[in-house]
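Notes for the one structure printed next.
The values are calculated or read from the model by the stated rules, or taken from the named source; none is laboratory data. Predicted, not measured: the structure shown is a model, and the values here were computed from it. Ideal geometry is used to build each Cβ from the backbone, glycine not excepted, and the neighbour counts take in all protein chains shown.
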Amino acid sequence: MSQRFYKIRGDTLEAAYRTMRAKYGADAVVMSTRQVAEGGILGWFARKHVEITVSVPLPAAAARTPSAAERKYAENSALPGKTATPRTREEFEQIIREAQRRMNSQPVPAPSAGGASAVLAFPKRKPETDAAPEELRREMQDIREMLQVLYAEHPGAGLPPEFAPHYRTLLHRGVARKTAAALLGAVVKNADPAMLREPRIFTERLHIEIRRMVKVTGGIALHGGQCRLVALCGPTGVGKTTNLAKLAAQFAVQERARVGLLTCDTYRVAAVEQLRVYANIIGLPMQVANDAGEVAEALRAFRGFDLVLMDTPGGSQFNLEQIHELKGVLGAARPHETILVLSAPTQADDLRSVVSNFKCLEPTSLLFTKLDETRQYGTILSILAEAGLPLSYMSVGQNVPDDIAVATPGMMANLVLEGKDSRG
Ligand SMILES: Nc1nc2c(ncn2[C@@H]2O[C@H](COP(=O)(O)OP(=O)(O)O)[C@@H](O)[C@H]2O)c(=O)[nH]1
Ligand SMILES: [Mg+2]
């Protein structure tokens, strides 16, 4: 969309903003604000001004009819700094106070000074005097929250309140606040704000930013002539054994690789038997190791193989003793890759504690299972971003060997933005 940029100065932000409205009308948008000093001698006695850079759409562009959402935001956000980044706490607080005042049509006292709590402590309203429609109140709450997160975690990231619906969609899909704010901040930073008003364009840019955020391994890579050892670890029942069987079948059947199975999950007899069933069906040799010494011995039996997949006992992330024991076994095995297996329908905070407590096993990637049992794919995105680990595979069902896919950034973006599982 074509537009022209102007700089306007005023004694205060409010004054500059009023000039902008008077001169350029309702379509002008504040792109940035800054403090400037004028006159004075050697830096003394200079007068302080606020300078705003505004963008004004050229007539053809301005003729576009705003969407219902845009109109609603325009009606409810006509205040200084509407589309500018809040640069200071004062400015930020003012935006919130103004918005609340308009919602309540009554003055809202300034929050008391000092500390982050001042930003968070918004005055409580009595429900019986509250005339604001529920919908509008929720939207304002989202805007406030989005600004708070941005303000706290991405100072300087410009995010006009009109993009709050996108923020809310991300939260509904399970994306953590911080990740959502980072994504939207990146979208706004890397694109023309006027273009982003078009929801389709915004979604496209968001797709790009999600793809940028997601790192992947591309799956297990075989190294000709070298036996790769890959261990799967994680909590109980997440699908380690089932997905190990899927990988084994795919490498043995499709890639014609020499694959061996090794398990040190001897806590439960059934666990060994479960893997043995798969080993027999696929026709693969299997070794059982009870401790670090036996692991070394078992690995010798697989000399000359292309790939050894190692199953491990599952355990609660809070059973640190068991994790420590497994660390000893993995220390002896020295796998080339250690894949931490996580179940996607798990609550985000539990996933965080799994990642944090299994970190000592030095996982090289994450494998998310049970994507068919959730639509909160945003959780996966946030955990990946927070863990700083790449994604290797995604499991979308119980079928061996079909229900597993090598993860790609595009797949992850589709999941988050379209809410479909990766079979779709
Ligand atoms: N719906 C669904 N179930 C799965 C998936 N992956 C594994 N499972 C099931 O989860 C259960 C536990 O799997 P298992 O491999 O024994 O977990 P482990 O304890 O981590 O080894 C089994 O019933 C699997 O069939 C998946 O992607 N989707
Ligand atoms: Mg198992």
**Study point:** Where a residue in segment 292-303 is farther than 15 Å from Asp265 by Cα and its partner, wherever it lies, is surrounded by 13 or more Cβ atoms within 10 Å (Cβ to Cβ), with Cβ under 6 Å and at least six apart
**Key:** Ala296/Ala332; Ala301/Gln287; Phe302/Gly260; Phe302/Val308
Review point. Can you tell me which residue in segment 341-364 is nearest to the chain's Cα centre (by Cα), limited to those that are within 16 Å of ligand 1 (Cβ to nearest atom) and among the small types (Gly, Ala, Ser)?
Key: Ala344
Exercise for review: Answer yes if at least one residue in segment 378-393 is within 11 Å of ligand 1 (Cβ to nearest atom) and touching a residue at least 40 places away in the same chain (Cβ under 8 Å), and no otherwise.
Suggested key: yes
Exercise for review: Looking only at segment 257-267, decide whether some residue is within 16 Å of ligand 1 (Cβ to nearest atom), among the aromatic types (Phe, Trp, Tyr), outside the structural domain of Ala26 (by TED's automatic domain parsing) and part of a loop (DSSP other than H, G, I, E, B).
Suggested key: yes
**Study point:** segment 366-417, residues that are β-branched (Val, Ile, Thr) and over 14 Å from Leu342 (Cα atoms)
**Key:** Val400, Val406, Thr408, Val416
Review point. Can you pull out the residues in segment 328-358 that are among the charged types (D, E, K, R) and either part of a loop (DSSP other than H, G, I, E, B) or touching a residue at least 24 places away in the same chain (Cβ under 8 Å) (or both)?
Key: Arg334, Glu337, Asp350, Arg352
Exercise for review: Could you please find all residues in segment 167-210 being within 13 Å of Leu381 (Cβ to Cβ) and basic (Lys, Arg)?
Suggested key: Arg173, Arg177, Lys178
Practice item. Take Val272 and decide whether it is over 26 Å from Gly225 (Cα atoms), part of a loop (DSSP other than H, G, I, E, B), hydrophobic (A, V, I, L, M, F, W, C) and within 13 Å of ligand 1 (Cβ to nearest atom). Key: no
Study note, to complete from the structure: Among the residues of segment 250-299, the number that are small (Gly, Ala, Ser), under 27 Å from Ala405 (Cβ atoms) and more than 16 Å from ligand 2 (Cβ to nearest atom) is 4
Exercise for review: Within segment 297-316, identify whether any single residue is of a type in the set (Val, Ile, Thr) and not in a helix (DSSP H, G or I), and answer yes or no.
Suggested key: yes
Point to revise | Where a residue in segment 217-242 is more than 10 Å from ligand 2 (Cβ to nearest atom) and its partner, wherever it lies, is modelled with pLDDT under 95 and of a type in the set (Ser, Thr, Tyr), with Cβ under 9 Å and at least six apart | key: Pro235/Ser316
Practice item. Could you list, in sequence order, all residues of segment 317-327 that are in contact (Cβ under 8 Å) with a residue 12 or more places away in the chain and either in a helix (DSSP H, G or I) or out of contact with any Ser or Thr (no Cβ under 7 Å at 6 or more places or on another chain) (or both)? Key: Phe318, Leu320, Ile323, His324, Leu326, Lys327
Practice item. Please report, ordered by residue number, the helices (runs of 4 or more DSSP H) entirely within segment 150-254 with at least 2 residues that are within 17 Å of the chain's Cα centre (by Cα). Key: 164-172, 177-189, 199-213
Revision key, fill the gap. Of the residues in segment 303-339, those that are within 16 Å of ligand 2 (Cβ to nearest atom) and of a type in the set (Gly, Ala, Ser) number 3
Review point. Taking into account only those residues within segment 223-256 that are of a type in the set (D, E, K, R) and modelled with pLDDT of 95 or more, which is farthest from ligand 1 (Cβ to nearest atom)?
Key: Arg228
